[in-house]
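Peer 1: Provided herewith is a single structure, encoded as structure tokens, for subsequent inquiry.
Taken together, the values in this text are just the output of simple stated rules run on the coordinates, not laboratory data. Note that the structure is predicted; figures quoted are calculated from it, not measured. Methodologically, a virtual Cβ is constructed for each residue, glycine included, from the backbone with ideal geometry; neighbour enumeration extends over all protein chains shown.
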Amino acid sequence: MTLAIVFSRASVGMTAPLVVVEVHLARGVPKLNIVGLPEAAVKESKDRVRSALLNSYFEFPRQRMTINLAPADLPKEGGRFDLPIALGILAASGQLPAEKLKGYEFVGELALSGDLRTVRGVLPIVLSAQQAQRTLIVPHGNTEEAALVHQTEVLSAKHLLDVCRYLKK
């Protein structure tokens, strides 16, 4: 597959609007572009994601990659999109089953090692994922905050490889 769709959430005040992370791989000079009104920390995610994938023993595709964070008019900030971007790259390059991504939403900043770092504003994200009837995967450090919402399925992970294990079941 050369196109993968991953669901995530932005943080806007007390709301968590849906962000669809689209990853497209194409022939051409290897390059990675992130579009869709990303702020500086989101643009920097390409370096964190590349290192996290390589340090987790995945291949980083040597192709032209376009990553779209939709909707384009919604500001995106912080490292919260690192995990969905990494998963999109893995699915688009065939290293992860793309069909498994449909029932999940993901947030998390990646360390260069592939470890997951906490993000701010998880409570509205949990509520929004619950309404969308998708399982949310958050960094382990966000587990307590996510547990404040009862009767919803939230999984936590310490590393990118933990998330991939969930998706390969």
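Peer 1: Given the conditions (1) buried (at least 19 other Cβ atoms within 10 Å of the Cβ); (2) over 30 Å from K31 (Cβ atoms); (3) of a type outside the set (S, T, Y), and given that C164 satisfies all but one, which numbered condition is not satisfied?
Peer 2: (2)
Peer 1: Quick check: anything in the stretch 29-41 within 19 Å of A86 (Cβ to Cβ), under 15 Å from the mean Cα position of the chain (by Cα), among the charged types (D, E, K, R) and not in a loop (DSSP other than H, G, I, E, B)?
Peer 2: Within the stretch 29-41, none of the residues are within 19 Å of A86 (Cβ to Cβ), under 15 Å from the mean Cα position of the chain (by Cα), among the charged types (D, E, K, R) and not in a loop (DSSP other than H, G, I, E, B).
Peer 1: Cβ-Cβ under 7 Å, sequence separation 6+ or interchain: first residue in the stretch 15-31 and closer than 11 Å to P71 by Cα and touching a residue at least 24 places away in the same chain (Cβ under 8 Å), partner in a strand (DSSP E or B) and of a type in the set (K, R). Which pairs?
Peer 2: P17/R9; L18/R9; V19/R9; V19/K76
Peer 1: Would you mind finding the one in R62, R50, R27 that is surrounded by fewer than 20 Cβ atoms within 10 Å (Cβ to Cβ), touching a Phe, Trp or Tyr at 6+ places or on another chain (Cβ under 7 Å) and among the charged types (D, E, K, R)?
Peer 2: Every option except R50 fails the conditions.
Peer 1: Right, another one. In the stretch 75-119, how many are in a loop (DSSP other than H, G, I, E, B), over 14 Å from F7 (Cβ atoms) and either hydroxyl-bearing (S, T, Y) or in contact (Cβ under 8 Å) with a residue 40 or more places away in the chain (or both)?
Peer 2: 14
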